[in-house]
Structure formats: C-alpha cells, structure tokens
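I'd like to ask some things about the structure below.
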Amino acid sequence: MAIQKTQKRQTRNDKHEPHFEERYRVVFYLSRALAGLLLLAVTWDPIPGLVSDIMKSDMAVGLIVIALVALVTLLSVDLITRGQHGWRELVSKYIYLIMGVVLLFGVFFIILQTRTADSGLRVAIGTDALSERDAFYFSAVTYFTVGYGDIVPYGYAKLLSVVEAGIGTVINLIILAMAVTRVRDHEGH
C-alpha cells in the first residue's frame, strides 16, 4: 500500500516536473564547459591576448553569449521549478549560476566597450587602459553589489550594471529563501 502511494506520488510529480538534466543534458554540460573554459582563460590567461582575440570574433562572441544564456536559463528554471535540492546540489548550481551571470555580463561589457563609441567602462581616476579581464572584474563587483568605484560604467553600460546588480540581488535572495526553507523543513522532521 505504501509503495503504491509512493509510486502514485512520483508519477504525479513526474508530470509536473520538467527534467532539465535529462532533456537538456548536452546543452547544459556544453554550456558549463564553455563557461569554465572562459573563466579559466580570463583568470589564468594561458596565452597572452587569447581573450581579446576571442572577443574580436563576432561568431565566438555569439556562441559564448548563447552558451552562457543557456546555462543561466537552465539553472534558473531548474532551481525554481524542481523544488527540493540537496545541499550539495543547491550550492553547486548556485556557484554555476553566479559564474554564468558574471561571465555573461562581462561579455556584454566587453561588447559595449569594443563595439560602441559611447558606452563601456573606464577607469575612475587616471587614464589606464582597461583589459577584458577588467570587464569581468567589474561584472563580479557589480553582481555582488560591492561597488569599489575604481572602474565606472558610462552610456548603456550604466543600465547594464543596474540590471546585473538587480539580477544578482534577486538570485541571492531566492537561494537564501531556498536554504532557509530547507533548514526549516529539516528541523520540522
């Protein structure tokens, strides 16, 4: 009897739960791998100028944006719709989500910097030239709403930085709510 109830409950849940990890597994893993490679190239810079050369190619930038949007979308939808997550899964997906959002907006800042004349990032004091690494640094500082002030946006980059800070705040609040709910449910049982 108990087994039948469990099977009915699983069947009912299966109808309402999209299985992103099964349906979109290839897209998820390819997107995550590309994001990891981009993060590695930005932080480690194994070949000097590699990131700037990649960012000059419209096709490469397009593929990177598509992969990062896919990663962020799949993780966001999965976190919100799937309900219960174990701690390891929740933390892992949260880290990948942060990485995806920071890299995606870093690429957007690079696009504005290199492809428009009236938008981008600049050094607050002085005339130092900014690198692609600085765009990703600014993106991380903006996501976590730290705002050191050493790099400032201008033009459309101002709006983009406000959007990123808002998205970062919302993601952090959702993850915090999920963690609190998980702790509350665990203490209740």
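The values are calculated or read from the model by the stated rules, or taken from the named source; none is laboratory data. Since the structure is predicted, the reported quantities are computational estimates derived from the model, not experimental observations. In this analysis, Cβ positions are derived from the backbone assuming ideal geometry, glycine residues included, and neighbour counts consider all displayed protein chains.
Can you name the residue in the range 22-55 that is surrounded by 13 or more Cβ atoms within 10 Å (Cβ to Cβ) and of a type in the set (D, E, K, R) and, of all such residues, is modelled with the highest pLDDT?
Arg32
Another question about this same structure. Name every residue in the range 118-161 that is under 15 Å from Phe108 (Cα atoms), in a loop (DSSP other than H, G, I, E, B) and either at pLDDT below 90 or out of contact with any helix residue (DSSP H, G or I) (no Cβ under 9 Å at 6 or more places or on another chain) (or both), in order of residue number.
Leu130, Ser131 - these are the residues of the range 118-161 that are under 15 Å from Phe108 (Cα atoms), in a loop (DSSP other than H, G, I, E, B) and either at pLDDT below 90 or out of contact with any helix residue (DSSP H, G or I) (no Cβ under 9 Å at 6 or more places or on another chain) (or both).
Another question about this same structure. Scan the range 162-189 for residues that are at pLDDT 90 or above and among the charged types (D, E, K, R) and jot them down.
If the condition is that a residue be at pLDDT 90 or above and among the charged types (D, E, K, R), then Glu164 is the only one that fits.
Conditions first: (1) outside any helix (DSSP H, G or I); (2) out of contact with any helix residue (DSSP H, G or I) (no Cβ under 8 Å at 6 or more places or on another chain). Glu187 passes all but one, so which condition is the exception?
Unmet for Glu187, out of (1) outside any helix (DSSP H, G or I); (2) out of contact with any helix residue (DSSP H, G or I) (no Cβ under 8 Å at 6 or more places or on another chain): (1).
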